[in-house]
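Below is one structure; the comments refer to it alone.
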Number of protein chains: 2
Amino acid sequence: MKKLINDPKNVVDESVAGFGLAHPDIVTVSADPLFVARAQGASQGKVGIVSGGGSGHEPLHAGFVGFGMLSAAVPGPVFTSPTPDPIVAATLASDGGAGVLHIVKNYTGDVLNFETAADLADAEGVRVVSVIVDDDVAVKDSLYTAGRRGVAGTVVVEKVAGAAAERGDDLDAVAAIATRANANTRSMGVALTSGTVPHAGEPSFVLPEDEIEIGIGIHGEPGRERIKLEPADGIVDRLLAPILEDLPFASGDKVLLFVNGMGGTPLVEQYIVYRHAAEVLAEKGIEVARSLVGSFVTSLEMQGVSLTVTRLDDELTELWDAPVETAALRWGR
Amino acid sequence: MKKLINDPKNVVDESVAGFGLAHPDIVTVSADPLFVARAQGASQGKVGIVSGGGSGHEPLHAGFVGFGMLSAAVPGPVFTSPTPDPIVAATLASDGGAGVLHIVKNYTGDVLNFETAADLADAEGVRVVSVIVDDDVAVKDSLYTAGRRGVAGTVVVEKVAGAAAERGDDLDAVAAIATRANANTRSMGVALTSGTVPHAGEPSFVLPEDEIEIGIGIHGEPGRERIKLEPADGIVDRLLAPILEDLPFASGDKVLLFVNGMGGTPLVEQYIVYRHAAEVLAEKGIEVARSLVGSFVTSLEMQGVSLTVTRLDDELTELWDAPVETAALRWGR
């Protein structure tokens with residue numbers, strides 16, 4: 001295992017500490033219980049938004065804390081859900097009197113712990129509504145999931161919900177926006193190599209030098225099939241077809257096309273993937289109205305990408321375009 | 001070789017095409033001769049800024065084309081300088097009547113080809129001034145370089161020069177800012193693994209599973225030494241010491257601290273590196289006034305990082321903070 005780390009058991013604490021040091025204008029880090037909140041504190045009168053989950057997917061979630069997006073993020077151990085305690089603390093710290101939305105990727109541990117935390121926060125007088133993200137079309141049920149997994153589409157849900165909260169929508173309205181974004185979002189990924197969980201020390205799975213895994217999960221969970229490595233355009237076709245069939249997307253739709261790097265795949269390859277995905281959508285009469293390319297929901301140093309397509313309506317487009325000022329997404333303010 | 005590419009000889013063309021499709025509001029791509037320019041065209045009355053060099057370092061340079069930074073970027077073949085022709089075309093397209101600054105990383109091929117292009121543009125009536133970036137303290141002279149190499153500090157030089165041009169400085173003033181930024185910037189990198197040039201098909205160099213290369217170049221050129229893999233903090237010490245001694249940086253200095261990923265190293269590790277680098281600077285009484293963390297000057301899928309430290313004065317700080325709107329850096333507008 002070759003990584004730029006110190007003691008494997010300190011990876012998350014040290015990385016989050018470095019994140020806090022690098023972005024003091026945007027975030028503040030609570031070391032114990034561990035969570036990341038906006039430097040400015042909760043916005044009075046506005047809905048707070050908290051997300052979180054296992055670490056190893058950076059910049060998700062802490063990179064999305066800031067104006068126009070999350071109020072706080074709760075990083076668990078690598079690929080392991082945070083316990084309810086820090087989620088409760090982050091929730092209370094995010095309440096500006098209008099309640100708090102939990103955005104939870106659909107993994108059993110996350111769902112359970114966020115549910116417990118929501119109950120505890122409720123008991124403290126903070127109303128919590130939860131929205132589950134389950135955008136991955138690759139498989140139904142998985143290693144850590146009943147139902148579909150939540151993957152890169154989480155970025156879209158967090159962005160539009162954050163914008164809705166920032167403009168002053170109430171908790172039910174923000175939850176409805178998040179639900180609508182999730183309902184209109186589909187993703188699927190591919191792995192060329194596996195990441196290595198630091199305290200495990202060995203790759204999570206082994207792919208032969210000439211094979212790739214279609215439909216990979218962001219924790220290295222099995223996908224749909226292993227196939228021989230083929231040109232990027234063919235791989236894009238394999239990812240896009242199930243995404244487009246599933247919603248289904250149709251000619252005339254306006255969409256956000258999001259190419260997400262898995263951590264070890266550089267931009268030069270991500271844009272090759274983007275090119276063909278945009279071509280395929282154009283052929284089908286689907287208009288790419290917005291785009292995002294970069295490594296936003298990673299799986300440690302895994303090489304691979306995922307594709308996410310979100311069907312946009314006017315309101316979702318407006319919320320996507322709204323100003324955002326976080327470490328990982330920043331525009332328009 | 002496992003990459004998300006099609007024919008290795010089309011990597012640059014397809015990636016740049018994808019880049020253009022993804023960011024039509026920011027850039028426009030000229031396919032032949034190949035260069036990337038601002039979607040809005042040259043800014044009348046303002047100095048144009050053109051950079052470029054071999055591909056494989058994305059988002060450098062095309063990712064920095066846009067308001068407040070570059071006017072145009074010229075991507076060569078992977079790790080190979082562009083020829084003078086596209087540089088001339090990009091230069092002419094960037095002239096708004098106030099002349100054009102070339103920002104050139106110090107590699108023999110780039111320096112020669114930009115020089116030729118500057119002469120040709122001059123002959124067309126466009127005044128060109130060139131600034132060479134040579135921030136890498138690792139080695140004196142290298143595989144493709146006489147003198148020091150230009151590496152991640154290029155981002156800083158391009159950002160502040162772009163801001164100076166945007167506020168209306170004349171060509172000599174913009175060149176002076178770029179020169180000052182370079183003079184106050186020092187960098188050094190480390191590789192854990194090698195990238196693979198697509199048309200070569202084999203890694204550029206081979207590091208045993210327990211070794212790393214200190215002082216690596218962004219094309220995999222040899223650094224200072226190969227050592228056994230050690231904890232991240234020790235590696236940071238080895239990179240920072242020669243950087244700080246070189247300028248030298250001193251207690252009381254205000255600096256920009258930039259941790260740059262080499263392409264295959266995820267953010268979770270980059271922030272562990274940032275944490276200790278910030279600690280070391282704090283111990284030395286050097287104030288980290290600004291920060292940047294991310295993969296901005298890469299070497300294909302190389303695993304590793306570089307550290308860059310720039311000594312800031314008030315004007316450089318103001319220019320760093322000025323609004324920028326490019327695919328890879330965006331804030332404040």
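The values are calculated or read from the model by the stated rules, or taken from the named source; none is laboratory data. Just so we're clear, the structure is a prediction, and the values are computed from it rather than from any experiment. Positions of Cβ are backbone-derived with ideal geometry, glycine not excepted, and every protein chain shown enters the neighbour counts.
Looking at residue B:287, is it surrounded by fewer than 23 Cβ atoms within 10 Å (Cβ to Cβ) and either within 18 Å of residue B:182 (Cα to Cα) or within 9 Å of another protein chain (Cβ to nearest Cβ) (or both)? Write out each step before concluding.
Details: surrounded by fewer than 23 Cβ atoms within 10 Å (Cβ to Cβ): yes; either within 18 Å of residue B:182 (Cα to Cα) or within 9 Å of another protein chain (Cβ to nearest Cβ) (or both): no.
Against the criterion (surrounded by fewer than 23 Cβ atoms within 10 Å (Cβ to Cβ) and either within 18 Å of residue B:182 (Cα to Cα) or within 9 Å of another protein chain (Cβ to nearest Cβ) (or both)), residue B:287 does not qualify.
I need a count of the residues in region A:1-15 that are assigned to a loop (DSSP other than H, G, I, E, B) and either more than 17 Å from residue B:232 (Cα to Cα) or touching a residue at least 24 places away in the same chain (Cβ under 8 Å) (or both). Talk me through it step by step, then tell me what you get.
Within region A:1-15, the subset assigned to a loop (DSSP other than H, G, I, E, B) is A:1-7.
Within this subset, residues satisfying the condition of being either more than 17 Å from residue B:232 (Cα to Cα) or touching a residue at least 24 places away in the same chain (Cβ under 8 Å) (or both) are A:1, A:3, A:5.
Summing the residues that are assigned to a loop (DSSP other than H, G, I, E, B) and either more than 17 Å from residue B:232 (Cα to Cα) or touching a residue at least 24 places away in the same chain (Cβ under 8 Å) (or both) in region A:1-15 gives 3.
When you look at residue A:279, is it over 19 Å from the mean Cα position of the chain (by Cα) and within 11 Å of chain B (Cβ to nearest Cβ), yes or no? Working first, answer last.
Numbers: over 19 Å from the mean Cα position of the chain (by Cα): yes; within 11 Å of chain B (Cβ to nearest Cβ): yes.
Judged against the criteria, residue A:279 is a match.
On the basis of being in a helix (DSSP H, G or I), buried (at least 24 other Cβ atoms within 10 Å of the Cβ) and touching a helix residue (DSSP H, G or I) at 6+ places or on another chain (Cβ under 9 Å), does residue A:18 make the cut?
Numbers: in a helix (DSSP H, G or I): yes; buried (at least 24 other Cβ atoms within 10 Å of the Cβ): yes; touching a helix residue (DSSP H, G or I) at 6+ places or on another chain (Cβ under 9 Å): yes.
Yes: the conditions hold for residue A:18.
On the given criteria, is residue B:11 out of contact with any Ser or Thr (no Cβ under 6 Å at 6 or more places or on another chain), of a type outside the set (Phe, Trp, Tyr), more than 23 Å from residue B:124 (Cβ to Cβ) and within 11 Å of another protein chain (Cβ to nearest Cβ)?
Working: out of contact with any Ser or Thr (no Cβ under 6 Å at 6 or more places or on another chain): yes; of a type outside the set (Phe, Trp, Tyr): yes; more than 23 Å from residue B:124 (Cβ to Cβ): yes; within 11 Å of another protein chain (Cβ to nearest Cβ): yes.
Taking the combined requirement at face value, the residue satisfies it.
Within the set of pairs 6 or more residues apart or between chains, which connect a residue that is outside any loop (DSSP other than H, G, I, E, B) inside region A:203-216 to a residue that is hydrophobic (A, V, I, L, M, F, W, C) with Cβ atoms less than 6 Å apart?
A:212/A:190; A:212/A:192; A:212/A:229; A:213/A:191; A:214/A:190
For a quick check of your reading of the model, give me the residue pairs whose first member lies in region B:295-319 and is facing chain A (nearest Cβ under 9 Å) and buried (at least 24 other Cβ atoms within 10 Å of the Cβ), whose second is of a type in the set (Lys, Arg) and not in a helix (DSSP H, G or I), with beta-carbon atoms closer than 8 Å and at least 6 apart or on different chains.
Between residues of region B:295-319 that are facing chain A (nearest Cβ under 9 Å) and buried (at least 24 other Cβ atoms within 10 Å of the Cβ) and residues that are of a type in the set (Lys, Arg) and not in a helix (DSSP H, G or I), the close pairs are B:301/B:3; B:303/A:2.
Exactly one of these conditions fails for residue B:29: (1) under 27 Å from residue B:176 (Cβ atoms); (2) within 14 Å of another protein chain (Cβ to nearest Cβ). Give me its number.
With respect to (1) under 27 Å from residue B:176 (Cβ atoms); (2) within 14 Å of another protein chain (Cβ to nearest Cβ), residue B:29 is out only on (1).
Can you go through B:161, B:138 and tell me which one is surrounded by 19 or more Cβ atoms within 10 Å (Cβ to Cβ), within 18 Å of the chain's Cα centre (by Cα), modelled with pLDDT of 95 or more and assigned to a loop (DSSP other than H, G, I, E, B)?
Values: B:161 fails: assigned to a loop (DSSP other than H, G, I, E, B).
Within the list B:161, B:138, the selection yields B:138.
For region A:1-21, give me each residue that is hydrophobic (A, V, I, L, M, F, W, C) and closer than 21 Å to residue A:53 by Cβ.
Residues of region A:1-21 that are hydrophobic (A, V, I, L, M, F, W, C), as a first pass: A:1, A:4-5, A:11-12, A:16-17, A:19, A:21.
Within region A:1-21, A:5, A:11, A:12, A:16, A:17, A:19 qualify.
In this structure, is residue B:152 more than 15 Å from residue B:299 (Cβ to Cβ), modelled with pLDDT of 95 or more and surrounded by 21 or more Cβ atoms within 10 Å (Cβ to Cβ)?
So residue B:152 fails the test.
Within region B:32-59, which residues are within 14 Å of another protein chain (Cβ to nearest Cβ) and of a type outside the set (A, V, I, L, M)?
Result: B:53, B:54, B:55, B:56, B:57, B:58, B:59.
So, in region A:178-196, of the ones that are crowded, with 23+ Cβ neighbours inside 10 Å and of a type in the set (A, V, I, L, M, F, W, C), which residue ends up nearest to residue B:302 (Cα to Cα)?
Looking at the filtered set, the residue picked out is A:192.
Does region B:88-107 include one or more residues that are within 24 Å of residue B:133 (Cα to Cα), assigned to a loop (DSSP other than H, G, I, E, B) and either within 18 Å of the chain's Cα centre (by Cα) or at pLDDT below 95 (or both)?
So far as region B:88-107 goes, yes, one or more of its residues are within 24 Å of residue B:133 (Cα to Cα), assigned to a loop (DSSP other than H, G, I, E, B) and either within 18 Å of the chain's Cα centre (by Cα) or at pLDDT below 95 (or both).
Assuming residue B:173 fulfils every condition listed in (1) in a helix (DSSP H, G or I); (2) buried (at least 19 other Cβ atoms within 10 Å of the Cβ); (3) out of contact with any Lys or Arg (no Cβ under 8 Å at 6 or more places or on another chain) apart from one, which condition is it?
(2)
Are any residues in region A:112-125 aliphatic (A, V, I, L, M) and surrounded by 20 or more Cβ atoms within 10 Å (Cβ to Cβ), and if so, which ones?
Step one: list which residues in region A:112-125 are aliphatic (A, V, I, L, M), which gives A:112, A:117-118, A:120-121, A:123.
Those that are aliphatic (A, V, I, L, M) and surrounded by 20 or more Cβ atoms within 10 Å (Cβ to Cβ): A:117, A:118, A:121.
Identify all residues within region B:203-222 that are surrounded by 21 or more Cβ atoms within 10 Å (Cβ to Cβ) and within 22 Å of the chain's Cα centre (by Cα); write none if there are none.
Looking only at region B:203-222, we keep the residues that are surrounded by 21 or more Cβ atoms within 10 Å (Cβ to Cβ), and these are B:212-213, B:215-221.
Passing the criteria: B:213, B:215, B:216, B:217, B:218, B:219, B:220, B:221.
Does region A:250-269 contain any residue that is away from every other protein chain (no Cβ under 14 Å), in contact with a helix residue (DSSP H, G or I) (Cβ under 9 Å, 6 or more places away or on another chain) and under 21 Å from residue A:150 (Cα atoms)?
Scanning region A:250-269, I find no residue that is away from every other protein chain (no Cβ under 14 Å), in contact with a helix residue (DSSP H, G or I) (Cβ under 9 Å, 6 or more places away or on another chain) and under 21 Å from residue A:150 (Cα atoms), so the answer is no.
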